[in-house]
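Let me begin by presenting the structure, written as structure tokens, before commenting on it.
The values are calculated or read from the model by the stated rules, or taken from the named source; none is laboratory data. From a predicted model like this one, the values you see are computed outputs, not experimental measurements. Neighbour counts are summed over all protein chains in view; Cβ atoms, including those assigned to glycine, are modelled from backbone coordinates with ideal geometry. Heads up: the accessible areas ignore ligands, DNA and RNA and are worked out on the full protein's heavy atoms, side chains in. Shrake-Rupley method; radii C 1.70, N 1.55, O 1.52, S 1.80 Å.
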Amino acid sequence: MDYTARYHRVSAPSLASEYGMKSVTARQYLSKMAKMNNLVRIGHGEYALPQKQQFRYTPSKEVKKIYEGLVAELPFTDFCIYDGTILTSLQHHLSINHAIYVETNRDAVDSVFSRLKENHREVFRKPNATMMRDYVDLRNQCIIVKPLVTESPLTSNDGVKVPTLEKLLVDILKDDDFDYLRGTEEYNMYQMALDLYAINIPKLMRYARRRGISQKVSLLINQSNNND
């Protein structure tokens with residue numbers, strides 16, 4: 001990575017010469033780095049640093065208000081809160097989603113659900129795929145409360161804990177409330193994410209393993225890379 005930053009491009013022979021390694025070893029390193037999206041192929045045997053943007057989600061005023069209210073009431077509870085617009089830049093076929101997602105410790109889900117029901121009309125607790133299809137209209141604002149998986153990759157924006165792109169890419173494959181994205185759209189979303197954004201592949205795979213879907217995530221990554 002240092003070599004590529006200095007010279008703007010790298011090949012197996014140049015890397016081998018610089019660091020005194022065998023060319024076959026250098027090729028293996030470069031291939032692995034490319035698969036992890038730390039480098040991109042720019043020509044025959046040549047690689048460069050990826051020029052991709054960082055994924056960033058800015059919480060709405062409503063999301064921030066809910067987050068701050070819950071943290072004030074339950075200061076020792078973990079939260080991750082976001083809304084459906086977080087998916088917009090990843091979707092090939094844009095779908096309307098006005099839901100606000102509230103993730104919290106498993107043993108706090110019922111308490112958080114009850115608190116939110118006091119001030120909001122449409123609140124759903126751990127909805128399965130059938131409930132999502134039959135009772136949840138994502139065209140209207142609603143709140144979905146579900147457990148926050150321990151060691152989820154999170155970040156903070158404007159004082160609100162929100163999911164990283166790595167977490168989001170795993171959750172859309174695993175959580176029932178994202179069932180409407182299954183099929184071709186999930187492939188399209190991975191393709192879009194890999195094309196547009198810098199993704200920490202090791203972090204993505206750690207979380208995928210934690211959720212038991214590492215093989216599916218690996219398959220989607222490989223399909224997207226092969227399509228390139």
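Against the definition (over 22 Å from ARG56 (Cβ atoms) and of a type in the set (Gly, Ala, Ser)), how does ALA108 come out, yes or no?
Working: over 22 Å from ARG56 (Cβ atoms): yes; of a type in the set (Gly, Ala, Ser): yes.
Here the answer is yes, as ALA108 does meet what is asked.
Is there a residue in region 171-179 that is of a type in the set (Lys, Arg), surrounded by 13 or more Cβ atoms within 10 Å (Cβ to Cβ), out of contact with any strand residue (DSSP E or B) (no Cβ under 7 Å at 6 or more places or on another chain) and farther than 25 Å from LYS52 by Cα? Before the answer, list the steps.
Within region 171-179, the first condition is being of a type in the set (Lys, Arg), and the residues that meet it are 174.
In the following step, the residues that additionally are surrounded by 13 or more Cβ atoms within 10 Å (Cβ to Cβ) were identified as 174.
If we keep only those that are out of contact with any strand residue (DSSP E or B) (no Cβ under 7 Å at 6 or more places or on another chain) too, we end up with 174.
Subset that is farther than 25 Å from LYS52 by Cα: 174.
Yes, region 171-179 contains a residue that is of a type in the set (Lys, Arg), surrounded by 13 or more Cβ atoms within 10 Å (Cβ to Cβ), out of contact with any strand residue (DSSP E or B) (no Cβ under 7 Å at 6 or more places or on another chain) and farther than 25 Å from LYS52 by Cα.
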Could you say which residue among LEU94, LEU39 is in contact with a Ser or Thr (Cβ under 7 Å, 6 or more places away or on another chain) and under 23 Å from ASN226 (Cα atoms)? LEU39
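Every residue, every condition in (1) touching a residue at least 60 places away in the same chain (Cβ under 8 Å); (2) small (Gly, Ala, Ser); (3) open to solvent by 50 Å² or more (accessible area, probe 1.4 Å), yes or no:
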{"position": "SER17", "(1), (2), (3)": "no, yes, yes"}
{"position": "VAL24", "(1), (2), (3)": "no, no, yes"}
{"position": "ASN37", "(1), (2), (3)": "yes, no, no"}
{"position": "LEU70", "(1), (2), (3)": "no, no, no"}
{"position": "LEU90", "(1), (2), (3)": "yes, no, no"}
Of all residues in region 92-127, which are part of a loop (DSSP other than H, G, I, E, B), within 23 Å of the chain's Cα centre (by Cα) and without any contact (Cβ under 8 Å) to a residue 60 or more places away in the chain? LEU94, ILE96, ASN97, HIS98, ASN105, LYS126, PRO127
Among the residues of region 46-65, is there at least one that is in contact with a Gly (Cβ under 6 Å, 6 or more places away or on another chain) and either polar (S, T, N, Q) or touching a residue at least 40 places away in the same chain (Cβ under 8 Å) (or both)? no
Starting from region 1-15, take each residue that is of a type outside the set (Val, Ile, Thr) and list its partners that are in a strand (DSSP E or B) and at pLDDT below 80, counting only C-beta distances under 7 angstrom and pairs at least six apart or across chains. ARG9/ILE42
Does region 52-62 include one or more residues that are modelled with pLDDT of 85 or more, among the polar types (S, T, N, Q) and open to solvent by less than 30 Å² (accessible area, probe 1.4 Å)? no
Please tell me if VAL149 is in a strand (DSSP E or B) and of a type in the set (A, V, I, L, M). no
Taking only region 133-159 into account, find how many residues are open to solvent by 70 Å² or more (accessible area, probe 1.4 Å) and aliphatic (A, V, I, L, M). 0
In this structure, does THR130 turn out to be within 20 Å of LYS167 (Cβ to Cβ), open to solvent by 30 Å² or more (accessible area, probe 1.4 Å) and not in a loop (DSSP other than H, G, I, E, B)? no
What is the number of the single condition among (1) in contact (Cβ under 8 Å) with a residue 24 or more places away in the chain; (2) open to solvent by 20 Å² or more (accessible area, probe 1.4 Å); (3) under 22 Å from the mean Cα position of the chain (by Cα) that THR184 does not meet? (1)
Residues of region 72-88 being open to solvent by 50 Å² or more (accessible area, probe 1.4 Å) and either assigned to a helix (DSSP H, G or I) or in contact with a strand residue (DSSP E or B) (Cβ under 7 Å, 6 or more places away or on another chain) (or both), which ones? ALA72, GLU73, ASP78, THR85, THR88
